[in-house]
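Here the structure is laid out as structure tokens; the discussion comes afterwards.
The values are calculated or read from the model by the stated rules, or taken from the named source; none is laboratory data. From a predicted model like this one, the values you see are computed outputs, not experimental measurements. FYI the Cβ positions are ideal-geometry reconstructions off the backbone, even for glycines, and counts take in every protein chain you see.
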Amino acid sequence: MIAVSLPLRGVVAGLFSFAAFTAFRSGAAEIAFQQDTVASLQKAVFLQSTSPNEMVERRLGDLEPAQSGQHLERVVRFINPRSSAAWIELGLAEEAHGNAEAAESDLAQATQIDRQFLPAWTLANFYFRQGRGDAFWRWAARAVDLSVDRLAYSDLAPLLQLADRVEADPDKMLAHFPSAVRLRPAYLNFLIGSGRLNAAQKVALEMTADRTSAPHLLDLADRQIQAGNAAAALELWNASSGLGPLDPSAGRVLSNGDLLRAPLNLGFDWRLARLDGIDPRWRPSELDLQLSGSQPESCSLLEQTVFLPRKRFRLRFDYNTGAAPLRGLRWSLDDSVGREIPSSGQWTEDSFDLPLLKGLHSLRLVYRREPGTTRTEGHIEIRNLRLNLVDRGES
Amino acid sequence: MRLHTVEATVAAMMSVILTLAAVDGSATRALAAAPAIGTVVAKGTFRLDRATVTGNATLFEGTTVETAAAGARMELSSGAKVSLSIESRAKFYGDHMVLERGQGELEKAATVRFEAQGLTFQPETGNASARVALTGGARVELAVLGGSFRVLNAKGTLVANAGAGRSLEFEPQSTQGPTKMTGTLRQASGHFLLTDETTKITAELAASGLAKDEGYRVEITGAQDPTATPVTDASQYVRVTAIKRLGNSRDAAGGAAAAGRGGAATAGGTHLTATTIAIIGGVAVAATVGGLAAGGKLPGQGSSATISR
């Protein structure tokens with residue numbers, strides 16, 4: 001048994017009492033904080049007077065907007081001068097009260113402490129609202145540098161929207177960003193989303209050297225087709241599709257006729273039917289279109305948008321419908337429908353003469369239930385599609 | 001002759017310029033785009049149009065703000081402040097915002113109004129503050145925290161006046177049904193007037209035999225006549241088709257007692273339940289107790305975090 005002197009016992013008892021008091025006070029502060037009212041939070045501040053708490057002060061700022069500046073000042077001056085979040089809140093509060101100079105200083109302080117995206121983004125927004133172009137571009141570029149590889153393209157849209165509102169010309173806008181190359185896909189996405197296809201085209205053409213950009217360019221080519229902008233679509237398609245270049249004036253208007261590559265279902269490539277009762281299957285050099293008999297009575301099985309010059313074309317193709325007869329298949333160009341393709345149990349060549357049209361048109365393999373028959377069931381294999389100019393003598 | 005040539009040249013140049021401008025949408029965009037209408041600040045992430053944003057952003061005309069786990073606070077250039085609760089969505093304009101989901105609070109609104117479910121909540125004073133919430137179905141709840149608000153239906157008809165401390169629930173009806181109001185019938189300068197107890201809307205009533213109910217608390221059913229002009233004190237002119245006396249006493253106290261006995265009445269075609277329901281301008285209105293007004297703060301504006309040590 002160790003003999004403990006009376007004074008030592010007193011010291012130990014004192015220490016225990018102090019610890020118990022501190023624990024009690026801390027617990028009471030916690031309870032007060034959880035009550036989340038101005039009075040209870042003020043009580044929490046009082047209880048924590050020896051170690052004031054940033055969270056309590058900021059919460060008080062939320063509950064007392066008129067005094068938020070004071071609470072945030074206390075945070076950044078006495079509690080946590082390295083709280084970038086508090087500096088940002090303080091800066092925005094100053095801005096809301098019209099104190100632009102103080103706001104700029106506070107927001108700049110946040111960028112000094114925290115070299116991540118949020119302070120730079122906040123300062124860029126501040127300079128935008130203040131109409132200070134040079135400073136805006138500097139901090140917008142900084143924000144892009146800090147985020148371009150981390151944020152989804154769509155999440156860069158707010159920043160691009162600010163930049164676009166200051167400078168709508170794509171070339172001039174991108175010139176402000178040292179990391180323009182990395183920003184382009186997001187910017188292209190933004191422009192497409194805003195429906196500004198001409199501006200998007202400008203940006204896209206700067207991206208053709210980068211093969212990883214191909215999906216973006218093909219998407220834009222598809223949208224240009226939908227918008228009827230044939231030349232723009234063709235320019236992008238030739239630069240990004242990886243298929244042989246199309247050249248309508250030279251009579252090259254069909255893509256992927258040899259079916260060596262799986263149809264992309266967009267742009268100037270083949271689009272396969274996605275309908276109940278139709279099962280299109282691609283294998284290199286060949287398409288097999290299966291009709292279950294439950295397909296719609298009239299539908300498109302296969303389609304390609306072609307950009308035609310005003311010249312006569314003939315589509316030639318090889319097909320095989322197998323042993324079972326297949327009725328109701330025809331080629332069409334827009335509303336002009338060719339004759340029915342006769343069933344053939346062996347590989348056979350057939351053709352379809354396109355009507356004389358110019359511009360963007362839809363070349364389709366269509367099915368229509370023949371009158372007096374049930375919906376057909378079977379399949380057709382197709383390969384070796386060629387769309388050739390027809391010589392005058394030949395026609 | 002020469003003048004005509006100059007005019008023709010200028011006209012040709014103008015058409016070329018306009019044609020070129022029309023070729024690309026960007027060319028028609030003014031470089032000095034419309035200015036920002038305010039800022040949005042959140043302690044967390046929110047959606048700005050379709051983009052995810054952390055912290056804060058600049059608001060423009062037509063921007064949609066959508067909150068998730070954290071509420072957001074908007075400071076508009078007009079001086080108005082708007083809070084959006086968690087899981088809420090609103091579209092912002094310089095002079096109004098359209099609440100599409102959840103709950104919002106408008107502070108210091110002078111020139112800014114709330115819209116929800118086709119209703120407009122129009123502040124009458126510069127310091128007016130209110131909470132507005134979509135409470136399910138087509139219902140909208142309004143709790144006036146300060147100042148006063150006028151509530152208009154989609155056609156601009158006044159359907160309620162709400163002062164500080166009032167909490168009302170609105171449900172636009174699918175069809176413009178009859179008008180239903182409750183209050184004490186009074187006569188002024190030969191005109192019969194009734195101020196609805198719930199909506200505080202005063203209507204001039206037209207019907208034969210109203211005089212016998214003067215001074216009594218009554219419930220009237222009728223049709224609003226937009227072609228008739230009510231007297232100065234009234235905002236509606238209602239042709240009464242049915243009138244029901246709710247108390248036996250002519251004094252107001254008797255009426256109030258009768259109101260207390262009204263119980264949970266249900267208006268035809270509406271799901272609102274309260275002691276008294278008014279239907280004005282095709283909108284059912286009921287006073288609510290507690291609800292938004294009882295909340296000391298917007299949900300989601302609070303923090304559930306514990307004190308760090």
Quiz item: In the stretch B:71-115, which strands (runs of 3 or more DSSP E) lie fully inside it and hold 2 or more residues that are surrounded by 18 or more Cβ atoms within 10 Å (Cβ to Cβ) and within 14 Å of another protein chain (Cβ to nearest Cβ)?
Solution: B:72-76, B:81-84, B:103-109
Quiz item: What tally of residues in the stretch B:206-228 results from selecting those that are part of a helix (DSSP H, G or I) and touching a Lys or Arg at 6+ places or on another chain (Cβ under 7 Å)?
Solution: 1
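For every residue, the table says whether it meets (1) crowded, with 21+ Cβ neighbours inside 10 Å; (2) under 29 Å from A:Ala102 (Cβ atoms); (3) among the β-branched types (Val, Ile, Thr); (4) away from chain B (no Cβ under 14 Å).
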| site | (1), (2), (3), (4) |
| --- | --- |
| A:Leu123 | yes, yes, no, no |
| A:Gln130 | no, yes, no, no |
| A:Asp134 | no, yes, no, yes |
| A:Tyr153 | no, no, no, no |
| A:Ala199 | yes, no, no, no |
| A:Pro215 | no, no, no, yes |
Self-check item: Within the stretch A:124-192, helices (runs of 4 or more DSSP H) holding 3 or more residues that are of a type in the set (Phe, Trp, Tyr), over 22 Å from A:Ala204 (Cα atoms) and in the same structural domain as A:Arg211 (by TED's automatic domain parsing)
Solution: A:133-147
Quiz prompt | Restricting the stretch A:136-151 to residues that are away from every other protein chain (no Cβ under 13 Å) and surrounded by fewer than 23 Cβ atoms within 10 Å (Cβ to Cβ), the residue that is farthest from A:Glu73 (Cα to Cα) | solution = A:Asp149
Quiz item: Within the stretch A:74-84, which residues are outside any loop (DSSP other than H, G, I, E, B) and either in contact (Cβ under 8 Å) with a residue 24 or more places away in the chain or surrounded by 21 or more Cβ atoms within 10 Å (Cβ to Cβ) (or both)?
Solution: A:Val75, A:Val76, A:Phe78, A:Ile79, A:Ser84
Quiz item: Any chance the stretch A:170-179 includes a residue that's more than 10 Å from chain B (Cβ to nearest Cβ) and under 15 Å from A:Phe117 (Cβ atoms)?
Solution: yes
Self-check item: Among the candidates A:Ser17, A:Ser49, residue that is modelled with pLDDT under 75 and away from chain B (no Cβ under 11 Å)
Solution: A:Ser49
Quiz item: Which condition number in (1) within 23 Å of B:Thr45 (Cα to Cα); (2) surrounded by fewer than 20 Cβ atoms within 10 Å (Cβ to Cβ); (3) at the interface with chain B (Cβ under 10 Å from one of its Cβ atoms) is the one that A:Glu167 fails?
Solution: (1)
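Conditions tested, residue by residue: (1) crowded, with 17+ Cβ neighbours inside 10 Å; (2) among the acidic types (Asp, Glu); (3) under 38 Å from the mean Cα position of the chain (by Cα).
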| residue | (1), (2), (3) |
| --- | --- |
| A:Pro296 | no, no, yes |
| A:Ala324 | no, no, no |
| A:Arg339 | no, no, no |
| A:Gly345 | no, no, no |
| A:Ser351 | no, no, no |
| A:Glu381 | yes, yes, yes |
Quiz item: Going through the stretch A:359-379 one residue at a time, which ones are outside any strand (DSSP E or B) and either surrounded by 16 or more Cβ atoms within 10 Å (Cβ to Cβ) or not small (Gly, Ala, Ser) (or both)?
Solution: A:Arg369, A:Glu370, A:Pro371, A:Thr373, A:Thr374, A:Arg375, A:Thr376, A:Glu377
Quiz item: Looking only at the stretch B:117-162, which residues are of a type in the set (S, T, N, Q), assigned to a strand (DSSP E or B) and within 12 Å of the chain's Cα centre (by Cα)?
Solution: B:Thr120, B:Gln122, B:Ser148, B:Asn161
